[in-house]
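The values are calculated or read from the model by the stated rules, or taken from the named source; none is laboratory data. Here the structure is a predicted model, which means the values were calculated and not measured. Note that each Cβ is placed from the backbone with ideal geometry, even for glycine, and that neighbours are counted across all protein chains shown.
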Amino acid sequence: MGTAFKFSGPEGLPRMIKRGENQTLDVTWFENNAAVIAPVASATFTLKQGATVLLDGVAATTFGGPTYSATYDLSGTVTQDLNFSDTMLEIWELTDALGTKVTARRSGHLVRSILYPMVTDSDLVARHARIDDIKPPTVPNFSPYIDLAWQMINRDLLKKGRRPELVLDSYALIDMHVYKSLELIFRDAITFVGDGRYSDLADRYAMSYVDEWEVVQFRYDRNQNDALEDGEREAAAPSIWLGEPPAGWAVVGYDDV
C-alpha cells in the first residue's frame, strides 16, 4: 500500500508562511495514488519553529476527500512576533474511519514576502513565434510548464543555499525561467513527435539553463530588512574559495545561509 501526501502551494517546495497573516494550511492523504475518499475521522495539527512549539495537537477541520483531507486556519497572531526563518515544521496526525493513523510533515519558511515569477506565455512566444503549434490540444496555455520550471528553479536555489524569499531581484531569474520552460516544452514534444529538431532545442535550452546559473546575480536580502542596499548583490551559485577570498569579499559561513 503506497501512502503519499500533497499540500497546496507550489509542489515540491517548503511551505511559505507569511508572518502575521491569516493563512489556510492543508494536507491531502493518498493511498495507491488515489485520494482517500472515506472520511478522515479526526485530524490534529502541530506547528513548530525550530524546537519551539507554536501549536500543539490542535484540532484540524476534516473532509471526506477528494479535495483535502484536512485543513487548519492559521491565525496571523501565531506568527506575528516571530523572527523570519526556514525552520517551520507542520505535523499533521490523521485518522480515518477505520482507525488507521498516519503522520504527515511539511517543512516551511516564515517569510515577509514570497518570490513570484515574471514569465508568461508571451515570453516564450517572443523566442519562438510558432511555439503554439506544438502545444498539446488538452493544454490551454503553457502555464503547466512555466509553473514546473519555476518550482525547479526554486529547488535549485535551495540546493545552492539560497532562500527564494530573500531574492530581491526577481527579474534576474527571467532568462533561466524561460530556458527551463522551453526545455520542458520541447522535451515533452519529443514524446509525441519523436526525436529530431525538438530534441536539439530541448538540449540547447537545458545547456542555456545550466550556463545561466554561472553568470546570474541578484540582490540577496541577507539581513532580512526588505531593502536594496550596497553589498547585497551576490551570485546565484555561491563561490567556493580554497584559500583567502579577495579583499572586500564577505566570508559566509553555514549559519549565514
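Residue check: Leu98 meets all listed conditions (1) within 29 Å of Ala149 (Cα to Cα); (2) part of a loop (DSSP other than H, G, I, E, B) but one, namely (1). Selection of segment 19-33 for residues being assigned to a loop (DSSP other than H, G, I, E, B) and either under 24 Å from Val58 (Cβ atoms) or hydroxyl-bearing (Ser, Thr, Tyr) (or both) yields Arg19, Gly20, Glu21, Asn22. Against the numbered list (1) modelled with pLDDT under 95; (2) assigned to a helix (DSSP H, G or I); (3) closer than 21 Å to Ser8 by Cα, Thr67 comes up short only at (2).
For (1) part of a strand (DSSP E or B); (2) farther than 30 Å from Ser181 by Cβ; (3) among the hydrophobic types (A, V, I, L, M, F, W, C), each residue gets a yes or a no:
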{"position": "Lys48", "(1), (2), (3)": "yes, yes, no"}
{"position": "Thr71", "(1), (2), (3)": "yes, yes, no"}
{"position": "Asp81", "(1), (2), (3)": "no, yes, no"}
{"position": "Trp92", "(1), (2), (3)": "yes, yes, yes"}
{"position": "Thr103", "(1), (2), (3)": "yes, yes, no"}
{"position": "Arg106", "(1), (2), (3)": "yes, no, no"}
{"position": "Leu110", "(1), (2), (3)": "yes, no, yes"}
{"position": "Val119", "(1), (2), (3)": "no, no, yes"}
{"position": "Ser122", "(1), (2), (3)": "no, no, no"}
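Residues in segment 81-102 that are farther than 12 Å from Gly50 by Cβ and either of a type in the set (Lys, Arg) or at pLDDT 95 or above (or both): Asp81, Phe84, Glu90, Ile91, Trp92, Glu93, Lys101. Please indicate, with yes or no, whether at least one residue in segment 155-168 is farther than 19 Å from Val216 by Cβ, of a type outside the set (Gly, Ala, Ser) and surrounded by 14 or more Cβ atoms within 10 Å (Cβ to Cβ). No, that holds for no residue. Whenever a residue of segment 177-204 is within 18 Å of Ala126 (Cβ to Cβ), its partners that are of a type outside the set (Ser, Thr, Tyr) and exposed (fewer than 15 other Cβ atoms within 10 Å of the Cβ), lying with C-beta atoms within less than 7 angstrom and at least six residues away or across chains, give the pairs Val178/Arg127; Leu182/Arg127.
Residues in segment 132-164 that are part of a helix (DSSP H, G or I), in contact (Cβ under 8 Å) with a residue 40 or more places away in the chain and out of contact with any Phe, Trp or Tyr (no Cβ under 8 Å at 6 or more places or on another chain): Tyr145, Asp147, Trp150, Gln151, Asn154, Arg155, Leu157, Leu158, Pro164.
Can you spot a residue in segment 181-198 that is assigned to a helix (DSSP H, G or I) and within 16 Å of the chain's Cα centre (by Cα)?
Just the residues of segment 181-198 that are assigned to a helix (DSSP H, G or I), to begin with: 181-193, 197-198.
Checking the rest, the ones that are also within 16 Å of the chain's Cα centre (by Cα) come to 181.
Yes, segment 181-198 contains a residue that is assigned to a helix (DSSP H, G or I) and within 16 Å of the chain's Cα centre (by Cα).
Quick check, is Ser199 touching a helix residue (DSSP H, G or I) at 6+ places or on another chain (Cβ under 9 Å) and at pLDDT 95 or above? Here the answer is no, as Ser199 does not meet what is asked.
In segment 69-82, the residues that are within 25 Å of Thr100 (Cβ to Cβ) and basic (Lys, Arg) form no Cβ pair under 9 Å with any partner that is assigned to a loop (DSSP other than H, G, I, E, B) and at pLDDT 95 or above, whether six or more places apart or across chains.
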